Amino acid sequence: MTDTAVTGTGTAVLRPRAPEQGKEPARPRARGVLAGLLRTARPRQWIKNVLVVAAPAAAGELFSRHALGRLALVFALFTACAAAVYLVNDARDAEADRAHPVKRHRPVAVGDVPVPLAYAVGCFLGVLAPVLAAWLCPPPVAALLTAYLVMQLAYCVSLKHVLVVDLAVVTTGFLMRAMVGGLALGIPLSRWFLITTGFGALFMVAAKRYSEALQMAGKKGATRALLTEYTTGYLRFVWQLAAGVAVLGYCLWAMEEGGVPHTSVLPWRQLSVIPFVLAVLRYAVFADRGTAGEPEDVVLRDRALALIGLVWLAMYGLAVANW
């Protein structure tokens with residue numbers, strides 16, 4: 001920066017401007033980079049990893065000290081794997097995200113997190129989590145985490161552009177979360193558990209895509225390019241089919257005694273079908289309106305759905321405890 005000075009002869013002379021007191025040139029701050037890395041790891045999405053408790057809860061083996069400690073570890077490892085995928089994805093898509101009306105605010109796209117750093121931290125977490133799992137958990141846990149990482153990275157690179165396969169990959173990610181808790185504790189996974197969880201996940205994924213497709217109508221390029229290949233009628237068919245199969249799977253589990261003597265005060269197992277079906281129907285309201293684009297917001301912000309969920313959880317717990 002320069003200042004203009006006038007000499008006694010009337011000639012203008014440019015002189016360097018002295019730096020202002022107390023001000024330094026702008027430079028990246030470590031605190032800002034760390035905050036950007038945390039935002040890129042998507043803390044709001046960590047709620048999905050609570051699914052690691054699903055299998056132990058279904059088997060009634062959730063509250064032992066060994067189980068809680070192991071599940072907390074698995075939750076942290078799965079969160080690290082998911083964060084690794086988000087970091088690599090955002091680094092890879094940084095240029096495209098800058099042209100997106102919403103994604104351009106992501107830390108990597110803005111420049112708060114340098115692309116090489118995002119790649120480096122993502123790769124570090126992607127290696128660290130399976131290694132720790134192999135050291136601290138049963139071998140199937142490390143194998144599942146490795147498979148999750150490979151599948152999700154393949155999704156970031158190419159599979160997200162393949163019709164139907166993209167739905168299957170995202171759904172499988174949810175199913176893996178539900179499976180890993182059982183694998184960590186050596187709990188057998190029943191066919192009804194896998195069917196209900198898998199199709200329940202597909203229901204939410206397809207409803208999310210359906211909502212996005214409705215919201216992007218007439219706004220080409222405003223969101224996922226693949227949505228232009230789907231029709232809203234097809235996505236509606238998928239989430240309705242998935243909801244029906246999930247309900248059927250849960251009902252079959254509830255009606256199956258499995259050789260366990262019935263000693264509870266009320267048939268909680270069978271009664272839990274009521275709030276489960278109500279929860280699916282309530283969520284379907286948001287899917288049908290096209291407002292289920294953010295599943296975590298629907299689950300956390302709708303009071304009626306939260307109340308139904310608590311009633312279901314209470315009945316389910318009583319059924320597992322055979323009270």
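Quickly run through the range 81-101 and pick out the residues that are in contact (Cβ under 8 Å) with a residue 40 or more places away in the chain, buried (at least 20 other Cβ atoms within 10 Å of the Cβ) and either not charged (D, E, K, R) or not assigned by TED's automatic domain parsing to the domain that holds Phe174 (or both).
Residues satisfying the conditions are Cys81, Ala82, Ala83, Ala84, Val85, Tyr86, Leu87, Val88, Asn89.
Just the residues that are in contact (Cβ under 8 Å) with a residue 60 or more places away in the chain and small (Gly, Ala, Ser), please, taken from the range 37-80.
Answer for the range 37-80, where residues must be in contact (Cβ under 8 Å) with a residue 60 or more places away in the chain and small (Gly, Ala, Ser): Ala54, Ala55, Ala57, Ala58, Ala59, Gly60, Ala67.
Within the group Leu194, Leu132, Leu214, which residue is assigned by TED's automatic domain parsing to the domain that holds Leu51 and out of contact with any Cys (no Cβ under 8 Å at 6 or more places or on another chain)? Let's see the steps before the verdict.
On the way: Leu194 fails: assigned by TED's automatic domain parsing to the domain that holds Leu51; Leu214 fails: assigned by TED's automatic domain parsing to the domain that holds Leu51.
Within the list Leu194, Leu132, Leu214, the selection yields Leu132.
Among the numbered criteria (1) surrounded by 13 or more Cβ atoms within 10 Å (Cβ to Cβ); (2) of a type in the set (Phe, Trp, Tyr); (3) more than 14 Å from the chain's Cα centre (by Cα), which one does Phe63 miss?
Of the numbered conditions (1) surrounded by 13 or more Cβ atoms within 10 Å (Cβ to Cβ); (2) of a type in the set (Phe, Trp, Tyr); (3) more than 14 Å from the chain's Cα centre (by Cα), the odd one out for Phe63 is (1).
Only one of these is more than 30 Å from Val102 (Cα to Cα) and surrounded by fewer than 16 Cβ atoms within 10 Å (Cβ to Cβ): Gly309, Gly249, Gly244. Name it. If you could, list the steps in order and put the result at the bottom.
Numbers: Gly309 fails: surrounded by fewer than 16 Cβ atoms within 10 Å (Cβ to Cβ); Gly249 fails: surrounded by fewer than 16 Cβ atoms within 10 Å (Cβ to Cβ).
Only one candidate qualifies: Gly244.
Which of the residues that make up the range 167-185 are in contact (Cβ under 8 Å) with a residue 24 or more places away in the chain and in contact with a Phe, Trp or Tyr (Cβ under 7 Å, 6 or more places away or on another chain)?
Gly173, Met176, Arg177, Val180
Consider the range 159-172. How many of its residues are farther than 16 Å from Ala207 by Cβ and either outside the structural domain of Val85 (by TED's automatic domain parsing) or assigned to a helix (DSSP H, G or I) (or both)?
6
Of the conditions (1) under 28 Å from Glu256 (Cα atoms); (2) buried (at least 18 other Cβ atoms within 10 Å of the Cβ); (3) not charged (D, E, K, R), Leu167 satisfies every one except a single condition; which number is it?
With (1) under 28 Å from Glu256 (Cα atoms); (2) buried (at least 18 other Cβ atoms within 10 Å of the Cβ); (3) not charged (D, E, K, R) applied to Leu167, the lone miss is (1).
Within the range 129-158, can you find the residues that are at pLDDT below 90 and outside any loop (DSSP other than H, G, I, E, B)?
Our first condition is that a residue be at pLDDT below 90; within the range 129-158, this holds for 156-158.
Cys156, Val157 - these are the residues of the range 129-158 that are at pLDDT below 90 and outside any loop (DSSP other than H, G, I, E, B).
Could you list all residues from the range 186-197 that are part of a helix (DSSP H, G or I) and touching a residue at least 40 places away in the same chain (Cβ under 8 Å)?
Result: Trp192, Phe193, Ile195, Thr196, Thr197.
For the range 164-178, enumerate the residues that are closer than 30 Å to Leu68 by Cβ and out of contact with any Ser or Thr (no Cβ under 8 Å at 6 or more places or on another chain).
Of the range 164-178, the ones closer than 30 Å to Leu68 by Cβ are 170-178.
Listed by number, the residues that qualify are Val170, Thr171, Thr172, Gly173, Met176, Arg177.
The values are calculated or read from the model by the stated rules, or taken from the named source; none is laboratory data. The model shown is predicted, which means the values in this text are computed figures rather than measured ones. Glycine gets a Cβ as well: all are built from the backbone with ideal geometry, and neighbour counts include every protein chain shown.
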